[in-house]
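**Student:** After the structure tokens below, expect a handful of questions from me.
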Amino acid sequence: APLAEAMGRVYWAAEVFNCSAPDTGNMELLARFAVPAQRQQWLVPLLEGNIRSAFAMSEPDVASSDPTNLQTTVKRVGDDLALNGRKWFITGVAHPRCKLLIVMCRNTEEEGGEGDSSARHQQHSMVLVPLHTPGVEVVRNIAVVHHLSPEGHCELVLRNVRVPASHLLGDWGAG
């Protein structure tokens, strides 16, 4: 706490000490739920400060602080995962070193999927999506309280974004 207090006095300290949001939370997710290959590909570069990341959960048309309202979907298609939806106020996407999105999605299959009211809180998954995957569009950097953050609070559109099924973070429906 004393270190966080001292670092909080200087706006650039969090990045210098590699404890910027959302990277620290994403590093914790990867440390807890990633398989070894995912850790090697994404956690190690984040810990070394070589890349940045973003956590994509907020959506414009629903109260998305409650994940049961999320509309962005993930569906298994053969050996891939297909994502479709719209996210906004996604911090860090405009940073030049942002390479990874952790996208919170609603499953669209029977196992924990839509319409399964008994599993209302087990119908979401997190997916690792490289930022420059085809179908990921950064629409705009949204100004917040009359301030345009250079690292971004962006709006994203995901149109039939396909990643290998091995990009699932944790278990299906455990997001």
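The values are calculated or read from the model by the stated rules, or taken from the named source; none is laboratory data. This is a predicted model, so every value here is computed, not measured. All Cβ positions, even for glycine, are placed from backbone atoms using ideal geometry, and neighbour counts span all protein chains on display. Ligands, DNA and RNA are stripped out before the accessible areas are found, and what is left, the full protein with its side chains, is counted by its heavy atoms. Shrake-Rupley method; radii C 1.70, N 1.55, O 1.52, S 1.80 Å.
**Student:** If Val127 satisfies every condition in (1) modelled with pLDDT of 90 or more; (2) open to solvent by 80 Å² or more (accessible area, probe 1.4 Å); (3) of a type in the set (A, V, I, L, M) but one, which is the exception?
**Tutor:** Result: Val127 fails condition (2) only.
**Student:** Right, another one. For segment 11-32, which positions are crowded, with 17+ Cβ neighbours inside 10 Å and either at positive phi or assigned to a helix (DSSP H, G or I) (or both)?
**Tutor:** Initially, segment 11-32 is screened for residues crowded, with 17+ Cβ neighbours inside 10 Å, giving 20, 22-23, 26-27, 29-30.
Result: Asp23, Asn26, Met27, Leu29, Leu30.
**Student:** Look at segment 37-64 and say how many of its residues are β-branched (Val, Ile, Thr), over 18 Å from Ile142 (Cα atoms) and assigned to a loop (DSSP other than H, G, I, E, B).
**Tutor:** Filtering segment 37-64 for residues β-branched (Val, Ile, Thr) gives 44, 51, 62.
Okay, now just the ones that are also over 18 Å from Ile142 (Cα atoms), so 44, 51.
Then keep just the ones that are assigned to a loop (DSSP other than H, G, I, E, B); that gives 51.
Final tally of qualifying residues: 1.
**Student:** What number of residues within segment 58-106 satisfy the criterion of being within 16 Å of the chain's Cα centre (by Cα) and open to solvent by 40 Å² or more (accessible area, probe 1.4 Å)?
**Tutor:** In the first step, residues of segment 58-106 are kept if they are within 16 Å of the chain's Cα centre (by Cα); the result is 58-60, 64-67, 70-74, 81-95, 97-106.
Imposing the further condition that a residue be open to solvent by 40 Å² or more (accessible area, probe 1.4 Å) reduces the set to 58, 65-67, 71, 84, 86, 88-89, 91, 94, 97, 99.
Number satisfying all stated conditions: 13.
**Student:** If you don't mind, there's one more thing I want to ask. Asn50 is checked against (1) polar (S, T, N, Q); (2) surrounded by fewer than 15 Cβ atoms within 10 Å (Cβ to Cβ); (3) at pLDDT below 90 and fails just one. What number does that condition carry?
**Tutor:** It fails just one condition, (3).
**Student:** Hey, another quick one. What's the total number of residues in segment 65-98 that are part of a strand (DSSP E or B) and out of contact with any Leu (no Cβ under 9 Å at 6 or more places or on another chain)? Let's see the steps before the verdict.
**Tutor:** From segment 65-98, those part of a strand (DSSP E or B) are 73-77, 80-91, 98; that's our starting set.
Among the residues that remain, those that are also out of contact with any Leu (no Cβ under 9 Å at 6 or more places or on another chain) are: 76-77, 80, 82, 89, 91.
Number of matching residues: 6.
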